Amino acid sequence: MTLSAATRAEIERQRERYPQPRSAVLPALWAAQHEVGQLSPEALSEVASLLDVPPSEVEAVSTFYSMYFQKPHGEHEVLVCINVSCALRGADAIVEHLESSLGCASGETSADGVFTWASTVECLGACGGAPAMQVDHHFHENLTPESVDGILERIRTRSPATPAASAAAPKRRGRSGGGQ
């Protein structure tokens, strides 16, 4: 795998911005992930080579931060709270419903590539609106299976990864961090 000339140039520009090339690891990883959609071992190796830093340092950074993906990631990221307040108000039912609706377990990506159900989490800080989930850093509270279906459908119809939306918008590669 070889990154495009534009991505390589961007990484080199980032390298020049800092007194130490290792300081450019974060923006270099963003550039590679933006092009490829994830950080494969080949992409990590190429970033290390362009920055002239040990590959182990680049890999350590890429696996430390949750914003970098080592495997294909959906267009939208879902987190579901399972802590006490959410659990008492039905989080288990939401988790079961999401698994059924998305057709994948926590930590996996839906077959259509629209959603990555990143994980269940211990707290989203939304106890007053339990049960709660986040989609692309946007909170959704007082969930029911029906409201979850509505949220997912609204997002799915706007997502470039779905066939209906594909004609209207080009498919993004990777997640740019924006929300809905």
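Overview of values
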read-out: Residue ID - surrounded by the most Cβ atoms within 10 Å (Cβ to Cβ), chosen from residues in the stretch 105-132 that are part of a strand (DSSP E or B) and in contact with a helix residue (DSSP H, G or I) (Cβ under 7 Å, 6 or more places away or on another chain); value: PHE115
read-out: The stretch 1-57: number of residues that are more than 25 Å from HIS76 (Cα to Cα), among the hydrophobic types (A, V, I, L, M, F, W, C) and outside any loop (DSSP other than H, G, I, E, B); value: 9
read-out: Search result, residues across the stretch 1-59 that are within 16 Å of GLN70 (Cα to Cα) and among the aromatic types (Phe, Trp, Tyr); value: TRP30
read-out: Top-ranked residue in the stretch 88-103 [being without any contact (Cβ under 8 Å) to a residue 24 or more places away in the chain and part of a helix (DSSP H, G or I); ranked as farthest from TRP117 (Cα to Cα)]; value: ASP92
read-out: Any hit, the stretch 25-37, residues being outside the structural domain of VAL114 (by TED's automatic domain parsing), under 21 Å from the mean Cα position of the chain (by Cα), at pLDDT 95 or above and of a type in the set (Val, Ile, Thr); value: yes
read-out: Pair list, Cβ under 7 Å, 6 or more apart: the stretch 28-41 residue of a type in the set (D, E, K, R), other residue part of a helix (DSSP H, G or I) and surrounded by fewer than 24 Cβ atoms within 10 Å (Cβ to Cβ); value: GLU35/THR7
read-out: The listed residue being surrounded by 14 or more Cβ atoms within 10 Å (Cβ to Cβ) and modelled with pLDDT of 95 or more, out of HIS76, HIS97; value: HIS97
read-out: Residues of the stretch 28-79 satisfying the condition of being under 23 Å from LEU152 (Cβ atoms) and touching a helix residue (DSSP H, G or I) at 6+ places or on another chain (Cβ under 6 Å); value: HIS76
read-out: Counted residues, the stretch 128-145 - those being under 13 Å from ALA87 (Cα atoms) and within 13 Å of the chain's Cα centre (by Cα); value: 0
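Conditions tested, residue by residue: (1) over 30 Å from SER45 (Cα atoms); (2) more than 18 Å from the chain's Cα centre (by Cα); (3) assigned by TED's automatic domain parsing to the domain that holds GLN33.
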residue: ASP92; (1), (2), (3): yes, yes, no
residue: CYS104; (1), (2), (3): yes, no, no
residue: SER110; (1), (2), (3): no, no, no
residue: ALA126; (1), (2), (3): yes, yes, no
residue: SER147; (1), (2), (3): yes, yes, no
residue: ILE151; (1), (2), (3): yes, no, no
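The values are calculated or read from the model by the stated rules, or taken from the named source; none is laboratory data. Small disclaimer: the values here were computed from a predicted structure and weren't measured. Positions of Cβ are generated from backbone atoms using ideal geometry, with glycine treated the same way; all protein chains shown enter the neighbour counts.
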